[in-house]
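What follows draws every value from the coordinates through simple rules; no lab data is involved. Everything numeric in this text was worked out from a predicted model, so none of it was measured. So basically every Cβ, Gly included, is an ideal-geometry build from the backbone, and we count neighbours across all protein chains shown.
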Amino acid sequence: MAKLLTYKEVSEHKTVDDLWMIIDGKVYDCTKFVDEHPGGDEILVDLGGQDATGPFEDIGHSDDAIKLLEPMYVGDIDITSEPVLTQTTDMSSAATTGGEGNGLMIIALIAVFLAIAYYYFNQ
Ligand code: HEM
């Protein structure tokens with residue numbers, strides 16, 4: 001019978017030297033594969049310890065890529081276990097981007113205001 005792993009157990013393996021991920025309900029140890037991944041190591045480390053089913057399928061990985069998963073299989077995810085929140089860093093970087101956007105908007109408004117003032121005073 002397959003070994004059942006909790007989301008918390010999987011989330012503890014998220015470094016380049018110890019990298020697990022969940023794809024389609026199965027847990028894979030991708031540590032040895034990180035350096036060989038044609039899509040790069042960074043993308044795998046970013047998704048380390050998490051459910052990567054969506055990103056994995058979005059890329060449209062080949063049947064060969066799916067076969068590569070077989071030897072990395074560790075066990076199945078216990079879907080009744082408590083999920084682990086992993087979005088914190090993404091949220092803060094999104095907030096920073098929003099802040100930069102607002103800053104640019106203010107500069108654009110000041111430039112428009114100065115252009116109108118220049119035109120008005122040179123009448
Ligand atoms: C352990 C799981 C994974 C395996 C075994 C794997 C394997 C592969 C293989 C063999 C390729 C070459 C193209 C192909 O045969 O489909 C590939 C390409 C790629 N993979 Fe993965 N992959 C894994 C996980 C992921 C994940 C989670 C992402 C996240 C989005 C990802 C992103 C990519 C990208 C962007 C490429 C395209 C590289 C290019 O053509 O420039 N992969 N992967």
Work out the charge dipole of the chain with +1 on the Cβ of Lys and Arg and -1 on the Cβ of Asp and Glu about the Cα centre, then indicate which of A108, Y118, T31 is farthest towards its positive end.
Y118
Charge dipole of the chain about the Cα centre (unit charges at C-beta), most positive-ward option of M21, Y73, V84:
V84
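List the relative contact order of the chain as a percent without decimals, with contacts defined as Cα pairs under 8 Å and 6+ residues apart. List each step's numbers first, then the result.
Working: 124 pairs, mean separation 38.6, N = 123.
Computed value for the chain: 31 percent relative contact order.
Rounded, prolate or oblate: which fits the range 1-61, taking a ≥ b ≥ c as square roots of the Cα gyration tensor eigenvalues, rounded meaning a/c under 1.5, else prolate when a/b beats b/c? Spell out each step's value before the answer.
Details: a/c = 1.83, a/b = 1.28, b/c = 1.42.
It comes out oblate by the Cα gyration axes.
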Please give the contour-minus-distance gain from Q123 to L68: 0.36 nm per residue of separation, less the Cα-Cα distance, rounded to one decimal in nm.
12.5 nm
With only helices counted (DSSP H, runs n ≥ 4, each -39500 (n - 2.57)), the per-residue ellipticity at 222 nm for the chain, to the nearest 500, works out to -14500 deg cm²/dmol
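Give me the orientation-averaged projected area of the Cα convex hull of the chain, in nm², one decimal. Please report the intermediate quantities before stating the final value.
Values: hull surface 46.2 nm².
Hull-based average projected area comes out at 11.6 nm².
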Highest average packing first - 55-63, 12-20, 25-33, Cβ atoms within 10 Å
25-33, 12-20, 55-63
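Which value, in debye to the nearest 20, describes the size of the charge dipole of the chain about its Cα centre when Lys and Arg Cβ atoms bear +1, Asp and Glu Cβ atoms bear -1, and nothing else is charged?
On the way: 6 positive and 22 negative charges, 120 e Å.
The calculated dipole for the chain is roughly 580 debye.
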Among the aspartates and glutamates, which have Cα under 14 Å from the Cα of K14 when same-chain residues fewer than 8 positions away are ignored?
D29, D41, E42, D46, D51
For G75, what residues show an amide H to amide H distance below 5 Å, using hydrogens built from the backbone and excluding near sequence neighbours?
V27
Full-extension gain between K8 and D58, please, as 0.36 nm times their residue separation minus the C-alpha to C-alpha distance.
15.5 nm
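Sort 2-8, 46-52, 67-73 by packing, meaning the average of other beta carbons within 10 Å per residue, with the highest value first. Could you put the intermediate results ahead of the total?
Details: 2-8: 14.9, 46-52: 19.7, 67-73: 13.3.
Descending packing order for the listed peptides: 46-52, 2-8, 67-73.
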